[in-house]
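The values are calculated or read from the model by the stated rules, or taken from the named source; none is laboratory data. This is a predicted model, so every value here is computed, not measured. We place every Cβ from the backbone using ideal geometry, glycine too, and count neighbours over all the protein chains shown.
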Amino acid sequence: MSLELRYHPSLEQRALADTFNDSIKALLPLDRLHASHSESERVWQQLEDVGLFTACLDEEAGGSGLGAAEEALIVMELGRRLACSSVIATIGATHAKDIGESPVSGRTWRAAAAYRNGARIVSIGGDKADAVLLRDGDGAALHRNSGTMGTIDATLWYENLHEGAALQSSIAEFDAKGVRRLRLIDAAVLAGIAVTALDTGVAYAGERRQFGRPIGGFQAVKHHCANMAIAARNARDQVGFASVAIDEDREDAALQVDCALLVAGTAALRNTAANIQIHGGIGFSEEALPHILLKRARLLIAIAGGLEAANVRIADASAGPAACRGNA
């Protein structure tokens, strides 16, 4: 097996993902975000029609049977297009496992993303969801959406945020492999945001003029753009490596996924912040995109449990073999 195929998705996997990505680009223009925080029913239907939500289900369950590498590439494009968190959660929900006598897996649950914040549960984009995908520490579960949570914010974060004390009992749960897949999806979305921050920052640096020349010609701005490019590339490569590690069932797959989450999350935060700086005052304005990128990155990191938690898991995994050798 060649080095490329071991550490990166293959050309065939990229080609499969590109068939989805071409549709995603047309369905999710970035300027839609100023009109609505959530995707329209028409867009939801079209995403279902292209098979986005069943792409990684087994063929026996009516899916396309795609692996982690294809899924990561598709979700990365969703991150680039700033797909709402409910779209991402709906993809993640396909990896849940049944826990009751009545099977609930193998079908598409429109899910809201949620995470536990102390004694409270924060749900994002669950207005029309029929399930809630709750992250709780190192675990995750799918709950029916009762629709009883109170609204926190419907404007500031460009998502509808709700809060409550409890959810209905879980109808499906995620085993260790399922949680690992959720974290890969998180990393892929954040890597996509890092790429969009780079693209929009570089484009604006070529348009905005100061002292009679584009600001992209100034050395300080060049440094910002170069650092953003490196961060985005690192994020994409680590996400790709982690997805291949999952597909090949490598022993270090969980470690690589956590590394991908940390690298992609850090890249998303740094690139979106640098993008705002390149845009100057307009970067904070309502009609501009840069501040939305930063808000979306921070929200997704909160859903994923935070980068510090990923860092701790990486440290624990890295210390494990050394500790074993020391006790031998």
Margin query: Return the pair list, or none, for Cβ contacts closer than 7 Å from residues in the range 19-40 that are under 15 Å from Thr200 (Cβ atoms) and in contact (Cβ under 8 Å) with a residue 40 or more places away in the chain to residues that are of a type in the set (Ser, Thr, Tyr) and surrounded by 19 or more Cβ atoms within 10 Å (Cβ to Cβ), at least 6 apart or on different chains.
Written below: Leu33/Tyr158
Next item on the list: Pick out the one residue from Phe241, Phe218 that is without any contact (Cβ under 8 Å) to a residue 24 or more places away in the chain and among the aromatic types (Phe, Trp, Tyr).
Entry: Phe218
Next item on the list: Specify which of the listed residues (Asp153, Asp199, Asp175) is of a type outside the set (Ser, Thr, Tyr) and over 29 Å from Arg14 (Cβ atoms).
Entry: Asp153
Next item on the list: Could you check how many residues of the range 246-295 are of a type in the set (Asp, Glu) and either surrounded by 20 or more Cβ atoms within 10 Å (Cβ to Cβ) or in contact with a strand residue (DSSP E or B) (Cβ under 6 Å, 6 or more places away or on another chain) (or both)?
Entry: 1
Check: Looking only at the range 44-61, which residues are buried (at least 18 other Cβ atoms within 10 Å of the Cβ) and either charged (D, E, K, R) or more than 18 Å from the chain's Cα centre (by Cα) (or both)?
Finding: Leu57
Note to self: Anything in the range 11-57 that is of a type outside the set (D, E, K, R) and part of a loop (DSSP other than H, G, I, E, B)? List them, or say none.
What the structure shows: Leu28, Pro29, Ala35, Ser36, His37, Ser38, Ser40, Val50, Gly51, Ala55, Cys56, Leu57
Next item on the list: Could you check how many residues of the range 234-293 are within 22 Å of Arg14 (Cα to Cα) and of a type in the set (Phe, Trp, Tyr)?
Entry: 1
Note to self: Cβ-Cβ under 8 Å, sequence separation 6+ or interchain: first residue in the range 299-310 and closer than 12 Å to Leu262 by Cβ and of a type in the set (S, T, N, Q), partner at pLDDT below 95 and crowded, with 21+ Cβ neighbours inside 10 Å. Which pairs?
What the structure shows: none
Next item on the list: Give the range 88-116 a look and list any residue that's out of contact with any Ser or Thr (no Cβ under 9 Å at 6 or more places or on another chain) and either at pLDDT 90 or above or within 19 Å of Ser64 (Cα to Cα) (or both), or say none.
Entry: Ile88, Ala89, Ile91, Gly92, Val104, Arg116
